[in-house]
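*Asks:* Okay, handing you the structure first.
The values are calculated or read from the model by the stated rules, or taken from the named source; none is laboratory data. This one's a predicted model, so the numbers in the text were calculated from it and none came from an experiment. Here the Cβ positions follow ideal geometry from the backbone for every residue, glycine too, while neighbour counts run over all protein chains shown. Surface accessibility is based on the protein's heavy atoms, side chains included, excluding ligands, DNA and RNA. Shrake-Rupley method; radii C 1.70, N 1.55, O 1.52, S 1.80 Å.
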Amino acid sequence: MFAHRHLLGIQGLDRAAIETVLDLAETYVAMNRRAEKHSRVLAGLTQINMFFEASTRTQASFELAGKRLGANVMNMSVASSSVKKGETLIDTAMTLNAMHPDLLVVRHPASGAVNLLAEKVNCAVLNAGDGRHEHPTQALLDALTIRRRKGRLSRLTVAICGDIAHSRVARSNILLLGIMENRIRLIGPPTLMPAGAERMGVEVFQDLRRGIEGADVVMMLRLQKERMDGALIPTMREYYHRFGLDAEKLAAAREDAIVMHPGPMNRGVEIDGLLADDINVSVIQEQVEMGVAVRMAAMDLLARNLRGRNEPGGAAAC
Amino acid sequence: MLTLVNARLVDPKGDRILDGGLVIEGGRIAEIFEGAREGLDCGGRCLAPGIVDIGVKVGEPGERHKESFRTAGAAAAAGGVTTMVTRPDTLPAIDTPEALEFQQRRAVGTSPVNVLPMAALTKGRDGREMTEIGFLMDAGAVAFTDTRAVADTRVFQRCLSYAAGLGALVVGHPQEPRLSAGACMTTGLYASMLGLPDVPPAAERIGLERDLALAEITGARYHADQISAAAGLPALARAKRAGLRVTAGVSIHHLTLNELDIGDYRTFFKLTPPLRSEDDRVAMVEALAEGLIDVVGSFHTPQDEEEKRLPFEEAASGAVGLETLLPAAMQLHHAGHLTLPALWRALALNPARLLGLDAGRLAPGAPADLVLFDPDTPFVLDRATLRSKSKNTPYDLRRLQGRVLATWVGGREVYRREAP
């Protein structure tokens, strides 16, 4: 059951919708591992990737997902668009809308920008990250990775560590893991912790070892360069000392704990390079693989709803 | 001569409501009476002094596409605002007597209500050099404000000190500028979940405490334009108890809305200071009822669609309010927080006193600036019906109660609501 017109965030999804995406994604994981990775479920549809903020990984993942499903994929980067000429977001959206895309994948540096854009277009909009707000496909791919490794997506202890305050990945994950009834812990210095964190249904820790004690999953977040150097933390080395994950600190977690990272990693800042490469605990490469599958599933479901909406007697999607 | 009869007279100074009427002669109130007489029937509705609204932004010069004196004046008349005290944050800023005179020429004859200008405290409102406060007073400036915090404390101290020498009123916008830089929401769970840059309410407290300390050492007359956070109230209470010449205002938006109204990034609710928590809102209402906060205004800030239809962080701040001030304020009356006379002290009497005007009263000799309203009429606001050129109201589609029926300025009828 996935009765949504857009995928703007985890907010608004329920357990059934999340499971629908993940179940369908499983079939695409299998497909992506075959030599022949092609389907025609998006054949005839146009997918536009609109990235107002630089991204290699997410954009590539969405592009590949669309192409494997047979969509016509177009990439629009901000550098080559008229946004630089002073056109407003809404005008850009209206212009694109007039070209009748079916799926619009949007990343924007301002929180809420994707919601605003979705109000003005007729196609399905997928949020590929808006400011510090949400990054729903990242949370879904993390969920799929966890479910495959742990055999379930409930009643787990998940520790999220690092720059929670500026992270849309953290927000979407907190929402998703909360909906799926997991125990969530946030770990980081107060300068990187969002206000009101204690009211998000999570436990807050300022000590990495205590925070990951008994955790099934340890999720490390990227620390942006501009947040270092005395602004929010004193130095990189002090940060690594207190909040960087290495094998020794990880010993506090459960023996079978997995380590995740949304990438790109800063080796030696938030995570030890050797640990990140340890295939026994690190699932970072698997996350990337799941990313393509989850995006295929999300676009497939949204396209079904689009078709349902446009065909007489089709199920109305909201 | 005009006699208004069969009215409920709202007398803020006498703190009473009187069934009767009044006689207008030569633009002034000649007589107040109880009981029945012959004259223009007010139908038993409320007749009160016209609202004196401090901090109205009119887009002249520079932004006439957002609001002109003609449209602002029409909006004011329809909202029962008989005196607009205008802001100097125009393009360019009103920071010279010449600019002030130009602006006044635009206002005269186009606005049906009184227009009193405030002038900038520093040149270009950039917080470095003080304006010609003396000349500007001669040219008619009633108060001095940059409509934002003067970041440099030494500059602000000197401005206050110089203004004190002239008896000028300085209107401050209490805010710690570095702490609030780039912020568009109040710190808390809600800002965190929306992922918007936030400012703690303490930034207002820090700014207010600084300003009050400077008012104390300079002896200046200081009015905080918009108080919105409970955190600053103890300092305000202390300053008033100590007998400083300080007053405070609050915008109607911070009395009737809170941060949750922002909902799904609704930019019409983007204000400066940002909407606060419900606890803060309730504290503002209580401080107003106790008289700790003196003035309620609309802080009318017209913004066009282009500047509001943007991602929340990038969208312009502010809301129009001239026409919705009275109906929104009625919410405080209907909820039992303030009596009508108490409300009118904040809407008319106190701001008039602050500016040295003899308006805001129902008494013989006072100017016949009056508003006739029905406090009970319910309606759903449709922003398309606003007379302001900009329609950026947070009350769009809200259920409000209370409507202006007629407005007089200097005894002249400037607005009458047509029978539906």
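*Asks:* Starting at 0 and stepping by 5 Å, how many percent of the alpha carbon pairs of region B:366-410 end up in each bin?
*Replies:* Result returned by the calculation: 6, 19, 18, 22, 19, 10, 5, 1.
*Asks:* At q = 0.07, 0.08, 0.11 Å⁻¹, work out log10 I(q)/I(0) for the protein assembly as shown with the Debye formula, treating every Cα as an identical point scatterer and leaving solvent out; two decimals please.
*Replies:* -0.59, -0.74, -1.12
*Asks:* Let me ask you something else. Taking 10 Å² as the minimum loss, tell me which residues in region A:159-196 lose that much accessible area going from the chain by itself to the full protein complex (1.4 Å probe).
*Replies:* By number: A:171, A:175, A:195, A:196.
*Asks:* With unit charges on the beta carbons (Lys and Arg positive, Asp and Glu negative) and the dipole taken about the Cα centre of the protein assembly as shown, which residue among B:108, B:228, A:128 sits farthest to the positive side?
*Replies:* A:128
*Asks:* Another one. Tell me whether region B:100-194 comes out rounded, prolate or oblate; compute the Cα gyration tensor, take square roots of the eigenvalues as a ≥ b ≥ c, and use a/c under 1.5 as the rounded threshold. Could the numbers behind the result be given before it?
*Replies:* On the way: a/c = 2.97, a/b = 1.49, b/c = 1.99.
Verdict is oblate for region B:100-194.
*Asks:* Can you give the angle from 0 to 90° between the axis of helix B:153-166 and the longest principal axis of chain B, with both taken from C-alpha atoms, to the nearest 10?
*Replies:* Here the helix axis deviates by roughly 40 degrees.
*Asks:* What does the buried accessible surface come to for B and A, summed over both chains, with the probe at 1.4 Å? Round to 100 Å².
*Replies:* Working: alone 16380 and 13780 Å², together 28600 Å².
Buried area between the two chains comes out at roughly 1600 Å².
*Asks:* What percent do you get for the relative contact order of region B:4-68 when only Cα pairs under 8 Å and 6+ apart count?
*Replies:* Values: 101 pairs, mean separation 20.7, N = 65.
32 percent.
*Asks:* A further question follows. Could you let me know the centre-to-centre spacing of region B:83-144 and region A:164-195, using Cα atoms, in angstrom?
*Replies:* Using only Cα atoms, the two centres lie 49 Å from each other.
*Asks:* In nanometres, what is the gap between the two model label sites at residue B:33 and residue A:3, each 7 Å from Cα along Cα-to-Cβ?
*Replies:* So the two model labels end up 6.8 nm from each other.
*Asks:* About its Cα centre, how strong a charge dipole does region B:1-109 have in debye, to the nearest 20, once Lys and Arg get +1 and Asp and Glu get -1 at the Cβ? Mind showing how you got there, number by number?
*Replies:* On the way: 13 positive and 16 negative charges, 48 e Å.
In debye, rounded to 20, region B:1-109 gives about 240.
*Asks:* Across chain B, what fraction of all alpha-carbon pairs, as a whole percent, falls in each successive 10 Å bin from zero upward?
*Replies:* 5, 23, 34, 27, 10, 2, 0
*Asks:* R0 = 56 Å: FRET efficiency of residue A:242 with residue B:419, Cβ-based, nearest 0.05? Please list the in-between numbers first.
*Replies:* Details: r = 72 Å, r/R0 = 1.28.
That pair, residue A:242 with residue B:419, gives E of 0.20.
*Asks:* Turning to a different aspect of this structure: For region B:13-143, what is the Kirkwood hydrodynamic radius in Å, using each pair of distinct C-alpha atoms? Let's see the in-between values first.
*Replies:* Values: mean 1/r = 0.0598 Å⁻¹.
The answer is 16.7 Å.
*Asks:* Then there's this: Within region B:261-303, which residues have the backbone N less than 20 Å from the label spot 7 Å out from residue B:401 along Cα→beta-carbon, could you tell me?
*Replies:* B:282, B:285-286, B:289
*Asks:* Another question, then. Given the options A:137, A:281, A:190, identify the residue whose Cα lies farthest towards the positive end of the charge dipole of region A:136-295 (+1 on Cβ of Lys, Arg; -1 on Cβ of Asp, Glu).
*Replies:* So the residue furthest toward the plus end is A:137.
*Asks:* If you don't mind, another one. On a full-extension model of 0.36 nm per residue, what is the gain between residue A:56 and residue A:33, subtracting their alpha-carbon distance, rounded to one decimal in nm? Don't skip to the answer; put the middle values down first.
*Replies:* Numbers: separation 23, 0.36 × 23 = 8.28 nm, distance 2.20 nm.
Length difference between fully extended and current span is 6.1 nm.
*Asks:* Rounded, prolate or oblate: which fits region A:129-257 when a ≥ b ≥ c are the square roots of the eigenvalues of the alpha-carbon gyration tensor, with rounded for a/c under 1.5 and prolate only if a/b beats b/c?
*Replies:* Numbers: a/c = 1.76, a/b = 1.24, b/c = 1.42.
It comes out oblate by the Cα gyration axes.
*Asks:* Shifting gears a bit: Of the cross-linked pairs A:150/A:225; B:57/B:240; A:225/B:270; B:13/B:240, which ones have a Cα-Cα span greater than 22 Å in the structure shown?
*Replies:* On the way: A:150/A:225 33 Å; B:57/B:240 28 Å; A:225/B:270 30 Å; B:13/B:240 20 Å.
Where the Cα-Cα span goes over 22 Å, the pairs concerned are A:150/A:225; B:57/B:240; A:225/B:270.
*Asks:* Turning to a different aspect of this structure: Per the helix-only calculation at 222 nm, which mean residue ellipticity applies to the protein assembly as shown, given -39500 (n - 2.57) for every DSSP H run of n ≥ 4 and division by its residues, nearest 500 deg cm²/dmol?
*Replies:* Values: 24 runs with 236 residues, N = 738.
That calculation yields -9500 deg cm²/dmol at 222 nm.
*Asks:* Rounded to the nearest 20 Debye, what is the dipole magnitude of the protein assembly as shown about its Cα centre when Lys and Arg each give +1 and Asp and Glu each give -1 at the C-beta? Please report the intermediate quantities before stating the final value.
*Replies:* Values: 85 positive and 89 negative charges, 186 e Å.
Result for the protein assembly as shown is approximately 900 debye, rounded to the nearest 20.
*Asks:* Picking from B:344, A:174, B:39, whose Cα lies most toward the positive end of the charge dipole for the protein assembly as shown (charges on Cβ: Lys, Arg +1; Asp, Glu -1)?
*Replies:* Value computed over the given set: A:174.
*Asks:* Moving on. Taking a ≥ b ≥ c as the square roots of the eigenvalues of the Cα gyration tensor of region A:1-95, is the shape rounded (a/c under 1.5), prolate (a/b larger than b/c) or oblate? Could you put the intermediate results ahead of the total?
*Replies:* Values: a/c = 2.26, a/b = 1.46, b/c = 1.55.
Taking the square roots of the gyration eigenvalues as a ≥ b ≥ c, region A:1-95 is oblate.
*Asks:* Tell me the label-point distance for the pair residue A:41, residue A:224, using the 7 Å Cα-to-Cβ offset, in nm and rounded to one decimal.
*Replies:* 3.4
*Asks:* Would you mind checking the tilt of helix B:202-218 against the longest principal axis of the Cα atoms of chain B, expressed as 0 to 90 degrees and rounded to 10?
*Replies:* 80
*Asks:* Taking 0.36 nm per intervening residue step and subtracting the Cα-Cα distance, what contour gain separates residue B:41 from residue B:2 on full extension? Don't skip to the end; give the middle numbers.
*Replies:* Working: separation 39, 0.36 × 39 = 14.04 nm, distance 1.11 nm.
So the chain would gain 12.9 nm between residue B:41 and residue B:2.
*Asks:* Right, here's the next one. Using Cα positions and a limit of under 20 Å, work out the lysines in reach of residue A:67, with same-chain residues fewer than 8 apart set aside.
*Replies:* A:37
*Asks:* Using the heavy atoms of the protein chains and a 1.4 angstrom probe, tell me the accessible area per residue for the protein assembly as shown in square angstrom. Mind showing how you got there, number by number?
*Replies:* Values: 28600 Å² over 738 residues.
It amounts to 39 Å² per residue over the protein assembly as shown.
*Asks:* Given +1 on the Cβ of Lys and Arg, -1 on the Cβ of Asp and Glu, and no further charges, what dipole in debye does region A:59-154 carry about its Cα centre, rounded to the nearest 20?
*Replies:* Details: 12 positive and 8 negative charges, 126 e Å.
Using only the charged Cβ atoms, the result is roughly 600 debye.
*Asks:* To the nearest 0.05, how large is the calculated FRET efficiency for residue A:307 and residue B:153 if R₀ is 60 Å and r is the Cβ-Cβ distance? Intermediate values should be presented prior to the final figure.
*Replies:* Numbers: r = 63 Å, r/R0 = 1.06.
After rounding, the FRET efficiency stands at 0.40.
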